[in-house]
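The structure appears right after this line, and notes come after that.
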Amino acid sequence: MNRTRRLLLPLALGLALLGCPGSDKVKVGVVLPLTGSAEVYGQAIRRGIEVAEQRATANAESPYVIEILWRDSKSDPETAKRLLDSVYDEGAIVAIGGVTSAEALAMVPVADDASRVLLSPSASQPQLSGISSNFYRVFPSDASEGTMMANFARQTLSLSKVVVLAKEETYAKGAQEVFRERFTELGGQVVEVLVFPPNTVDFSGLVERVGTVAPDAVYVAAYAGEIVNLVKALRSDGFAGAILTTSSFSTADAIRQAGPAAEGVYFTQTAFAPSEKNPEVTAFVAAYKAKYRSEPDLYAAHGYDAYRVLLAAMRESGKSGSDFWKGMRGVNEFPGVTGTFQFDEKGDVKKFPRVFMVREGQALDLEKEEEARREEIRKKMREIQEELLRLRAQGGGD
């Protein structure tokens, strides 16, 4: 949009609202990769947003009638950038977008030019922290994910020697750098970083190199499709070490496509478990299953939370696009299905990932597994103590 149009737009919108009886209607842009290489994430996020929209309508949770402007970025950052500009031009007061870090980086300057908030449901590159006062994200930074996995690898699994397999891409670069720095800081050795270009299909050379180096583990930084193919190739080649990766592997489709090869793979993600006994999670999972006949994954959950966070911000700021950031700053201890929400001064959500493992085709939260194990031990100890007290009481009465 040129400068003249940008200056005239607020005036035109203001006049339209003053003369329009439907002034309680607002537009929200949603720019997602619904086709292309990142489709698996964009489609899941769209489904989550649709469930949140359905809930908001049924429960009258929104202060306004919302029209969503759906747009397909086709997994292309330049297309995402252009479409974001167009939805702001059409009157969107805020937008959800930037599913991948590359798309988010391309879209932020557009949000700044329009003085509108852009909320990312899943971009995690550390470079995005504090990049703009108009940019927020409901997904934790790779700095948290990489650090958590490195800590787990060294301190829990006691791994010493790791090979990193990383896609030549913005998100993967950030994830592997954080992991590598933290793992080395803890005394581990990253013996090799093998970078592969986008659209790689044949991973046999990478797998052969891993076999030659014979590390304790590999850390894979890529998107779902590449992770699935690498996991299968490593298992087929007989690699017996640990396979560590990122939240990109946490989609239901990725785990299903990897099949038996996924067993034992470790990955990080925020604490979303469809089986969790939490009223918010239970309501979301039930609504999602009723609508789509399947269980939601992590990305659907973040789409759902992103939309509901925007509604919370809207109740704080009203429908002024230029003041929407105030509403985002006002989000405090908001109960989402992926955790409790509030944002720091850099626009990052204050959430921390956990380590999950695939077992029998399901993603298991290892922290909860450990807590359940400890609770079982405590329960048995209590039972033993109670039995000892009973026997002593019986002995004293004889």
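Residues that are in a helix (DSSP H, G or I) and not charged (D, E, K, R): does the range 128-143 have at least one? Looking through the range 128-143, at least one residue is in a helix (DSSP H, G or I) and not charged (D, E, K, R).
I need the full set of residues from the range 201-218 which are crowded, with 16+ Cβ neighbours inside 10 Å and either part of a loop (DSSP other than H, G, I, E, B) or not aliphatic (A, V, I, L, M) (or both), in order please.
Step one: of the range 201-218, the residues crowded, with 16+ Cβ neighbours inside 10 Å are 203, 206-207, 210, 215-218.
Those that are crowded, with 16+ Cβ neighbours inside 10 Å and either part of a loop (DSSP other than H, G, I, E, B) or not aliphatic (A, V, I, L, M) (or both): 203, 215, 216.
Among strands (runs of 3 or more DSSP E) lying entirely in the range 291-398, which contain 3 or more residues that are at pLDDT 85 or above, on the phi < 0 side of the Ramachandran plot and surrounded by 12 or more Cβ atoms within 10 Å (Cβ to Cβ)? Show your work before the answer.
On the way: elements: 334-336, 339-341, 354-359, 362-365.
In the range 291-398, 334-336, 354-359, 362-365 are the strands (runs of 3 or more DSSP E) which contain 3 or more residues that are at pLDDT 85 or above, on the phi < 0 side of the Ramachandran plot and surrounded by 12 or more Cβ atoms within 10 Å (Cβ to Cβ).
Determine, yes or no, whether residue 158 is of a type in the set (Ser, Thr, Tyr) and surrounded by fewer than 24 Cβ atoms within 10 Å (Cβ to Cβ). Judged against the criteria, residue 158 is a match.
Of the residues in the range 233-286, how many are outside any helix (DSSP H, G or I) and β-branched (Val, Ile, Thr)? Going through the range 233-286 one residue at a time, the tally reaches 7. For the range 254-272, the set of residues classified as buried (at least 21 other Cβ atoms within 10 Å of the Cβ) and closer than 18 Å to residue 366 by Cβ consists of 255, 262, 265, 266, 267, 268, 269, 270, 272, listed by residue number.
The values are calculated or read from the model by the stated rules, or taken from the named source; none is laboratory data. The structure displayed is predicted, hence computed values, not measured ones. A quick note on method: Cβ atoms are made from the backbone with ideal geometry, for glycine too, and the neighbour counts reach across all protein chains shown.
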